[in-house]
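Below is one structure; the comments refer to it alone.
Just so you know, all these numbers are worked out from the coordinates, no wet-lab data involved. Just so we're clear, the structure is a prediction, and the values are computed from it rather than from any experiment. All Cβ positions, glycine included, derive from the backbone under ideal geometry; neighbour counts span all protein chains shown.
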Amino acid sequence: MVLLLMPSGMAGSRSHKGLNREQYILSHVLVLGGFLLIGIGAVLPWVDKQLQVKVYVLGMQSGLERIGVRRLLVVAGVGVLVEIARLFVSDRRTVLEFVLVGVGGVVAVMTVLTSPFTSLWTPALGVYVTLAGSLLVTLGASIALLSTRLTNHPRTH
């Protein structure tokens with residue numbers, strides 16, 4: 001599905017620059033799947049429903065709006081734009097992969113800081129889904145980044 005979005009001939013040129021076709025597809029699937037999980041996790045409740053606290057979805061927790069979730073979605077949105085650029089740009093791909101690793105890390109840190117992990121409440125499914133998504137984004141971009149680095153720098157004896 002990802003290859004259908006690419007201009008013709010791009011997959012072949014990218015595989016000569018360090019990534020084989022399977023690594024390229026795996027990297028994009030993990031990153032896009034990670035952003036999908038981040039979006040899903042943001043709309044799921046972040047506080048356990050068994051508490052006496054009323055929980056709303058999409059940025060609402062205990063009746064107070066969580067600005068952190070909106071910021072998290074903005075960061076994830078920037079990451080999606082970077083991923084789209086990575087599909088079509090081959091000369092700046094390494095820079096874009098570094099940015100995606102950073103976005104995955106920032107989303108993970110923001111999730112922990114704005115979640116019930118830092119309070120006495122019990123985290124609900126949304127926190128874990130968002131964290132899993134950020135790890136997938138980081139892993140997907142890292143696969144591409146490390147594969148490119150390892151092929152561009154041959155070992156010397």
Sort 33-43, 90-100, 132-142 by packing, meaning the average of other beta carbons within 10 Å per residue, with the highest value first. 132-142, 33-43, 90-100
Could you check the spin-label model distance between V95 and L113? Points 7 Å from the Cα along Cα→Cβ, value in nm. 2.6
Distance in nm between I40 and Y128 label points, each 7 Å along Cα→Cβ, equals 1.3
